[in-house]
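Below: the structure, in structure tokens.
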Amino acid sequence: SIIVFKDSVTNDEMEDVIENMRAAGAHITNIYKEIYKGFAATMSNIQLSRLQELTGKDSLIDYIESDGVVTTFD
């Protein structure tokens, strides 16, 4: 899954969420800080559900989407 934070989230807030996910057993595969703030992770359905519960108006998380393979055609 790819988790994207709201623009207003600080790097410290983002790192706290990432460290909490690691502590809960999620495997963080990428951290994004350039174009948007977020991370990609392999996690259990329970961990994903907990993150989905955090999305909303007052949340640090803007949205969550499935990670996938992107291909291009010539």
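Can you name every one of the strands (runs of 3 or more DSSP E) wholly within the stretch 1-50 that holds 2 or more residues which are farther than 16 Å from TYR63 by Cα?
Fully inside the stretch 1-50 and qualifying: 27-32.
Looking at (1) open to solvent by less than 60 Å² (accessible area, probe 1.4 Å); (2) modelled with pLDDT under 90; (3) under 12 Å from the mean Cα position of the chain (by Cα), find the lone condition where LEU60 falls short.
Unmet condition: (1).
Please go through the stretch 32-57 and pick out each residue that is within 12 Å of VAL4 (Cα to Cα), open to solvent by 60 Å² or more (accessible area, probe 1.4 Å) and of a type in the set (Ser, Thr, Tyr).
Within the stretch 32-57, TYR32, TYR36 meet the criteria.
The values are calculated or read from the model by the stated rules, or taken from the named source; none is laboratory data. All values reported here derive from a predicted model rather than from experimental measurement. For the accessible areas, the whole protein counts, side chains as well, though only heavy atoms, and no ligand, DNA or RNA atoms are used. Shrake-Rupley method; radii C 1.70, N 1.55, O 1.52, S 1.80 Å.
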